[in-house]
Amino acid sequence: MPSVHFEHVSKRFGATTVVEDFNLDVAEGELLVLVGGSGSGKTTILRMLAGLEEVTEGTIRIDERDVTALAPRDRDVAMVFQDYGLYPHMTVRENLSLGLRLRKVARTEIERRVKWAADMLRLEPLLDRKPKQLSGGQQQRVAMGRAMVREPLVFLFDEPLSNLDAGLRAQMRIEIGGLQRRLKTTTVYVTHDQVEAMTLGDRIVVLADGRIQQVGKPIELYRAPVNRFVAGFVGTPPMNFVDGLLASENGGVQFNADGVNFEMLSSRMPAAMPAGPVTLGIRPEDMEVDVLDSGSAASASGGVAGRVVLVERLGGTSHIHFDAGQTRMLASVTNERLPGVGDAINVRLNSERAHLFVDDRRVSSAS
Amino acid sequence: MKTLRRIGLYAALTIAALTFIYPFLWMASATFKPLAEVGTLALFPTHATLDNYRTMWARAPFGRALINSLIVASTITIAVLVFGSITAYAMARLRFRGRPALNAATMGVLLVPGQLTLIPLYTLIVQLGWIDTYAALIVPYLFNATAILMMRQFFLQIPQSLIDSARMDGMGEMRILFTIFWPLSKPVLSIVAIFTFMGSWNEVLWPLLVVREQHLMTLPQLLTVFSLGGGAGSIGVSLASAMVLVVPVVIAYAFLQRNFIESMAGSGVKG
């Protein structure tokens, strides 16, 4: 299986720059996920790799071969589209085999591959139906089958699950992951859904405004986001951010903000203490909530006094939205005993997992 | 009460339908009536005869005119579909410099009435030496702005992912147009085909200008020359020649009517 290389790739539409100096190496057999919000350039990058969009500057290589100027059909890549892109007037069998017939693959070989893909994706009984007669999940599998029978060098997925309902999405996510591991085909997968990215990707590339924010294994992005964007993008519910100032107190470093006073773990502080405003980042699951009996005050150390504004019970976990001073925060807890709206709570932040950002870049060391 | 209303409704609709159908049926039956009977309103001739057709056929080369009309109308229809869809595809789905200008120009052509271009076009044909040729009848009609815009509008609705898939599958643009877009665009292609064919089939003025040789005349042209020139002699013969003109269009309509009605009802393609 080949590797894919982007070298200083840029894409401009007129005066608008969509992708800026994009550099990335996708390893052989890897499943790499490009994730970002709308307008982040992720789909454009995928379409440039597919050959559906021209590259303004830079080079794209598949292994050693420069494919930058090649037509889609000459790149030996296959793509699964968000709305599947199945030909509505052709049967499933014709949809699967068309690409091979156009490449003049021998008939027996076409039959073998169609059967192989149909077996693997449980499409056998659907081969003579038209796409309109299939459910969303089935259409999705046909689209994957069409990519598989081509036996391409690289698979490209463009938000393949976003048209499916939640249950089916989870199921297809598992199927795609399993399939990719079995076939070991180098894969680039685009999504805006960070859960999809975290569960599927060997590595994840987080994009914003056409630039790479961070590349890493899912857990690296979660544990050690390089900047505030990545910290806020990866993880659900998203990380809490509190703007404040640092102060040295009794040999330790104290973070102070309206309603949030918190002692930073010295081992995780940067070598030189940043001056000026900083942002504290803490994930909802890195907080513990104590419900206070009426009248008692918030405890002293590592504690944040809050007032509950909303409690969402999800079953196993619950989301507690609370105000600490002027700051609205969210804690994700598994408590049996939950506070009610308006109750006073004491929130303990896990200092091992707290992040510190200066000018949106993380300065605290990784946990 | 309900049944009564229904009966009333059907009666009204039947009368309305008859007002459309009766004149046509009367014409059809009149062509089989002898001269003495033509004046009556009856739908069935008491002494049916083919004399009107025989006379018509004997007096002017209607067979040849029928073939001429078929050649001209079919060539124009095919050309409008092929060239028009190629243009429409480019206008709807390809990015190139000058596309907005091309759209505007095509739209602009619609605003120019045919009568205005008639004389310049005629002069052009004369200078090209195309008077009394098929080229004079066919070439000016090979492209049609209305058809292009109708197809463009339809093509805009076809999902981009189909084009992308086809490109990934290895198709070129022409192949995408004819193997993906055409099958999905049957409604609009049918309506363009019918309108173009009928328009060309019924055209009288232009052939009268550029064709004088009887053996090159189209059917409506010959019919006009024949009837107005007094060649028919009787109303029965005139009507018989009109029948020859109408029948092919009715047949074409019968074949394409399902798609025709579909596209008139404004259906689109769903990806």
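The values are calculated or read from the model by the stated rules, or taken from the named source; none is laboratory data. Just so it is clear, the model here is predicted, and its values are computed rather than measured. All Cβ positions, glycine included, derive from the backbone under ideal geometry; neighbour counts span all protein chains shown.
Among (1) surrounded by fewer than 17 Cβ atoms within 10 Å (Cβ to Cβ); (2) within 14 Å of chain A (Cβ to nearest Cβ); (3) assigned to a loop (DSSP other than H, G, I, E, B), which single condition is residue B:178 missing?
Tallying (1) surrounded by fewer than 17 Cβ atoms within 10 Å (Cβ to Cβ); (2) within 14 Å of chain A (Cβ to nearest Cβ); (3) assigned to a loop (DSSP other than H, G, I, E, B), residue B:178 fails exactly one: (3).
Which one of these does residue A:224 not meet: (1) touching a Pro at 6+ places or on another chain (Cβ under 8 Å); (2) surrounded by fewer than 18 Cβ atoms within 10 Å (Cβ to Cβ)?
Of (1) touching a Pro at 6+ places or on another chain (Cβ under 8 Å); (2) surrounded by fewer than 18 Cβ atoms within 10 Å (Cβ to Cβ), only one is false for residue A:224: (1).
Need a quick list: helices (runs of 4 or more DSSP H) entirely within the range B:64-171 having at least 1 residues that are in contact with a Gly (Cβ under 8 Å, 6 or more places away or on another chain).
Passing ranges, in order: B:145-156, B:160-169.
Of a type in the set (Ser, Thr, Tyr) and in a loop (DSSP other than H, G, I, E, B): is that true of residue A:40 in this structure? Steps first, please.
Working: of a type in the set (Ser, Thr, Tyr): yes; in a loop (DSSP other than H, G, I, E, B): yes.
In short, yes.
Take the range A:70-95 and flag every residue that is within 8 Å of chain B (Cβ to nearest Cβ) and not hydrophobic (A, V, I, L, M, F, W, C).
Result: A:72, A:73, A:82, A:83, A:84, A:85, A:87, A:88, A:89.
Counting only residues that are at pLDDT 90 or above, hydroxyl-bearing (Ser, Thr, Tyr) and outside any loop (DSSP other than H, G, I, E, B), how many does the range B:184-207 have?
2
Conditions first: (1) at pLDDT below 95; (2) within 28 Å of the chain's Cα centre (by Cα); (3) crowded, with 16+ Cβ neighbours inside 10 Å; (4) more than 14 Å from chain B (Cβ to nearest Cβ). Residue A:60 passes all but one, so which condition is the exception?
Among (1) at pLDDT below 95; (2) within 28 Å of the chain's Cα centre (by Cα); (3) crowded, with 16+ Cβ neighbours inside 10 Å; (4) more than 14 Å from chain B (Cβ to nearest Cβ), residue A:60 violates only (1).
Residue by residue through the range A:108-143, note down the ones that are at negative phi, assigned to a loop (DSSP other than H, G, I, E, B) and more than 14 Å from every other protein chain (Cβ to nearest Cβ).
A:123, A:127, A:128, A:129, A:135
With the checklist (1) over 33 Å from the mean Cα position of the chain (by Cα); (2) within 14 Å of another protein chain (Cβ to nearest Cβ) in hand, flag the one item residue A:146 doesn't pass.
Unmet condition: (1).
Being within 32 Å of the chain's Cα centre (by Cα), over 15 Å from residue A:259 (Cα atoms), among the hydrophobic types (A, V, I, L, M, F, W, C) and outside any strand (DSSP E or B) is the requirement here; does residue A:310 meet it?
No, not satisfied.
Looking only at residues that are among the charged types (D, E, K, R) and either part of a loop (DSSP other than H, G, I, E, B) or outside the structural domain of residue A:183 (by TED's automatic domain parsing) (or both) in the range A:43-57, which one is surrounded by the most Cβ atoms within 10 Å (Cβ to Cβ)?
Among those residues, the one meeting the criterion is A:53.
Any residue at all in the range A:157-165 that's part of a strand (DSSP E or B), among the hydrophobic types (A, V, I, L, M, F, W, C) and within 13 Å of chain B (Cβ to nearest Cβ)?
Within the range A:157-165, one or more residues are part of a strand (DSSP E or B), among the hydrophobic types (A, V, I, L, M, F, W, C) and within 13 Å of chain B (Cβ to nearest Cβ).
Out of A:35, A:67, I need the residue that is over 25 Å from residue A:229 (Cα atoms), buried (at least 23 other Cβ atoms within 10 Å of the Cβ) and at pLDDT 95 or above. Which one?
Just a single option satisfies the conditions, and that option is A:67.
Quick one: is residue A:103 within 14 Å of chain B (Cβ to nearest Cβ), crowded, with 20+ Cβ neighbours inside 10 Å and at pLDDT below 95?
no
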